[in-house]
Each structure stands twice: as structure tokens, then as C-alpha cells.
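The values are calculated or read from the model by the stated rules, or taken from the named source; none is laboratory data. Computed from a predicted model, the values in this text were never measured in an experiment. No Cβ is skipped: glycine too gets one built from the backbone with ideal geometry, and neighbour counts run over all protein chains shown.
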Amino acid sequence: MSRQQRKLDHITNALQTGQSRSTLLDEVNFVHQSLPNSSVEHVSLHSKMGELSLSSPIFINAMTGGGGKETLEWNQKLSVIARECGLALAVGSQMAALRSREERESYAIVRKENPTGFIMGNLGSEATVDQAKEAVEMLEANALQIHLNVIQELAMPEGDRDFKGALERIQRISDELSVPVIVKETGFGMSQDTIQKLNETSISAIDIGGFGGTNFAKIENLRRPRALDFFHEWGVPTAVSLLEAAAVNPSKTIIASGGIQNALDVLKCLSLGAKFVGIAGVVLKHVKDNGIEDTVSFLHEWHEDLRFMMCAVGAHEIDDLSAAPLIYGENIDRWLRQRGM
Ligand code: FNR
């Protein structure tokens with residue numbers, strides 16, 4: 001099966017398997033404040049990664065690599081939505097475009113539609129420094145995401161079986177690139193050990209890419225005669241992955257993603273220490289069901305909802321959210337106890 005066909009299958013299968021709700025974000029609760037001493041008018045959604053300040057903490061995460069007409073159409077749609085909503089956007093893996101020059105237009109369209117937006121390139125951790133530089137050039141990217149997807153590769157019949165040397169390659173890329181490097185998981189979450197290792201590199205940010213949303217073990221298993229179903233429930237749920245990150249006290253910017261469905265999920269991730277929150281499956285589904293214009297309104301509503309909820313918890317800035325008291329449910333409580341956190 002061609003890479004292009006496999007990537008198109010991902011879109012169909014991601015929409016079919018839908019989004020499970022096992023992020024454990026439903027076990028994170030705010031303590032109501034009757035005297036928040038705040039006003040909606042003074043709420044700012046600006047968020048920072050190092051020196052970089054973006055006008056929204058929400059961004060559209062990497063989807064639709066592979067190349068071909070359908071990738072081009074999706075990339076164009078997502079780029080328009082990102083532009084209209086003032087959101088940063090990551091493209092899907094650019095490996096196809098590095099291997100075949102013909103595929104470049106499918107990615108370059110993103111920059112064409114959104115000349116001044118914050119665009120992130122995307123490659124796997126098998127990438128070389130030269131490939132990383134080329135991926136950035138292709139989009140005039142403002143940052144590069146490097147994805148970690150061990151479980152997806154193992155579940156893929158034609159996937160990688162050797163994951164040695166990834167951390168060293170990431171370090172080299174980060175040292176050589178002129179733009180920030182973000183390392184992301186793809187829906188299986190990160191634990192303290194991984195976050196600690198990444199925190200010791202020169203990268204700029206870590207997207208914990210938690211479990212509980214789009215599930216690539218399930219997606220790949222739809223294409224296998226014998227499903228590796230032992231990977232279906234494998235991973236660190238988004239809420240506890242953020243707590244694992246906080247336990248490391250990292251110097252890097254922490255980014256949340258994985259199973260984000262609404263502005264309340266965004267608020268919870270920001271309160272658990274993330275500075276940015278990535279959304280993927282929920283956008284794909286909304287665009288497919290309702291089109292571009294409706295998705296733009298839908299995401300504008302997320303910003304409005306976020307302002308209202310920040311006002312309710314007494315936060316004017318994203319950074320204020322880390323002071324909001326939270327109450328955890330049983331599963332999170334058990335996780336924290338057993339991990340000694
Ligand atoms: C993805 N994702 C992804 N990630 C990545 O780093 N490179 C890629 O090429 C892709 N491709 C891709 C295709 C499709 C169709 C989907 C739905 C997703 C993973 C994505 O960025 C994100 O990490 C996961 O989807 C989890 O987030 P959600 O979907 O639960 O919000």
C-alpha cells in the first residue's frame with residue numbers, strides 16, 4: 001500500500017473510530033470562586049513559548065501528511081481556518097514531500113494561504129538534520145515538530161521496528177535548526193522519564209500528546225488482518241501526563257494535546273501547567289461534518305468560552321491559571337499515589 005493511501009486511510013479511520021473519552025480530564029474539577037475579582041474584558045489569551053508570544057493558546061495539531069490531492073485540500077482548509085481564527089497550525093509529516101518534489105505543493109499551500117501565520121513543520125524522529133532544514137524551508141516554518149510514535153509504528157505492518165538513537169537525532173536537529181523544535185507524542189502520552197530526557201536537550205517545547213483521543217493503535221489495527229489489540233488501552237492519559245510533566249518541574253514549555261474536545265478541556269490543560277493546547281481529531285471531524293465556515297465559528301466560540309471560564313476562575317492571564325485550585329477524581333488520585341507524586 002502506498003504511503004499516500006495509508007495516510008488517506010488514517011483520515012477515514014480517525015473519523016470512524018472517533019474520539020474516546022479516556023483523557024481523565026473529566027476527573028479534573030475547578031473549585032468555584034464567588035469573588036474572582038476579574039472581568040471578561042481584561043482576560044488575555046496570549047501565551048508564550050520562550051520569547052515567542054502567540055495570541056491564542058490553542059493550535060491545530062499535525063494531521064494529513066502523505067501528499068497527493070487530498071492532502072493538499074485538507075492542508076488548504078486547515079490553513080484557512082487557522083488564519084481566520086488566529087491559531088498556529090502544524091502540518092502533518094513532511095516525509096512524503098522530502099522524498100518527492102511533486103508533493104511539495106500539498107504543503108507549500110499552507111504558507112500561501114497563511115503568509116503571516118505561525119506554521120509548524122513536522123517530521124518523525126528518524127529525520128536527519130538536512131531533512132529537518134529542508135522541511136522548515138519548504139514552509140518557511142516558524143517551528144518544527146518532531147513526532148514520537150513508537151506504538152503506531154509497531155502497530156503498522158510496514159512500520160519501523162528500531163527506535164534507537166532518537167534522542168541523539170533530536171538533539172542534533174535542535175542544535176542545528178534556526179527555529180524552535182517541539183517534540184510531540186501522537187496520542188500515547190509521556191511519563192516523567194521521557195519528559196526528563198527531553199528536558200535535558202536543547203529543544204524548546206514538549207507536547208505530551210496524551211492518551212484518550214485519536215488512537216493510532218486502533219486506527220492501524222483496522223488495516224491489519226490480526227489486530228494488536230493489546231495496544232488499544234496503552235498510554236498515559238492526557239490529564240496525568242501533564243501531572244507527570246509537572247512532577248519533573250521542566251524548564252521547557254509544556255504543550256498539551258490528545259483528546260481535547262472543547263474549551264473546558266483546554267482550560268483544564270492550561271490549569272495543569274500547559275502553555276499551549278493542540279487539537280486534531282475534533283477539528284478534522286468538525287470540518288468534515290460542517291465545513292470551513294462553521295468550523296471557524298465553532299473555534300471562535302472556544303475562545304469566547306475560554307474567556308468566560310478564565311473570568312470565573314479569576315484568571316486574567318494564562319499564567320494565572322496554574323494557581324487555580326483543582327480537585328481530582330479517583331483514577332487520577334490513584335495514579336498520583338502509586339507514582340509517589
Ligand atoms: C495525526 N497526527 C499526526 N501527528 C504527527 O505528528 N504527524 C502526522 O503526520 C500526524 N498525522 C495525523 C493524521 C490524522 C488523520 C490524525 C487524526 C492525527 C496526530 C495528531 O497530531 C495528534 O497527536 C493526535 O491526533 C491526538 O490528538 P487528538 O486527535 O486526540 O486531538
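Structure above, values below:
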| item | result |
| --- | --- |
| Residue in the range 13-28 that is closer than 25 Å to residue 273 by Cβ and more than 16 Å from the ligand (Cβ to nearest atom) present | yes |
| Per-region count, the range 210-232, residues free of Cβ contacts under 8 Å to residues at least 60 places away in the same chain and not basic (Lys, Arg) | 5 |
| Check on residue 306, under 19 Å from residue 248 (Cβ atoms) and in contact with a helix residue (DSSP H, G or I) (Cβ under 6 Å, 6 or more places away or on another chain) | no |
| Count - residues of the range 35-70 that are in a loop (DSSP other than H, G, I, E, B) and at pLDDT below 90 | 6 |
| Which listed residue is without any contact (Cβ under 8 Å) to a residue 60 or more places away in the chain, within 16 Å of the ligand (Cβ to nearest atom) and either closer than 22 Å to residue 276 by Cα or in contact with a helix residue (DSSP H, G or I) (Cβ under 9 Å, 6 or more places away or on another chain) (or both), from 114, 75 | 75 |
| Residue in the range 232-246 that is within 24 Å of residue 331 (Cβ to Cβ), surrounded by fewer than 20 Cβ atoms within 10 Å (Cβ to Cβ) and of a type in the set (A, V, I, L, M) present | yes |
| In the range 107-147, the residues that are of a type in the set (Gly, Ala, Ser), assigned to a helix (DSSP H, G or I) and within 14 Å of residue 62 (Cβ to Cβ) | 135 |
| Within the range 21-48, considering residues that are more than 15 Å from residue 256 (Cα to Cα) and among the small types (Gly, Ala, Ser), the one surrounded by the most Cβ atoms within 10 Å (Cβ to Cβ) | 38 |
| Candidate set from the range 179-193 (those that are farther than 22 Å from residue 260 by Cα and touching a residue at least 12 places away in the same chain (Cβ under 8 Å)); member that is surrounded by the most Cβ atoms within 10 Å (Cβ to Cβ) | 181 |
| Residue tally, condition farther than 20 Å from residue 335 by Cβ, crowded, with 22+ Cβ neighbours inside 10 Å and in contact with a helix residue (DSSP H, G or I) (Cβ under 9 Å, 6 or more places away or on another chain), over the range 199-217 | 4 |
| Unique residue being within 23 Å of residue 181 (Cβ to Cβ) and at pLDDT 95 or above when the list is 251, 271 | 251 |
| Qualifying residue in the range 223-231 (condition: closer than 24 Å to residue 72 by Cβ, of a type outside the set (Ser, Thr, Tyr) and touching a strand residue (DSSP E or B) at 6+ places or on another chain (Cβ under 7 Å)) | no |
| Odd one out for residue 125, checked against (1) buried (at least 20 other Cβ atoms within 10 Å of the Cβ); (2) within 16 Å of the ligand (Cβ to nearest atom) | (1) |
| Qualifying residues in the range 258-280 (those that are aliphatic (A, V, I, L, M) and away from the ligand (no atom under 13 Å from the Cβ)) - the one surrounded by the most Cβ atoms within 10 Å (Cβ to Cβ) | 274 |
| Members of the range 212-246 found to be in contact with a Cys (Cβ under 9 Å, 6 or more places away or on another chain) and of a type in the set (Val, Ile, Thr), listed by number | 238 |
| Test for residue 221: is it surrounded by fewer than 22 Cβ atoms within 10 Å (Cβ to Cβ) and either at pLDDT below 95 or touching a Pro at 6+ places or on another chain (Cβ under 8 Å) (or both) | yes |
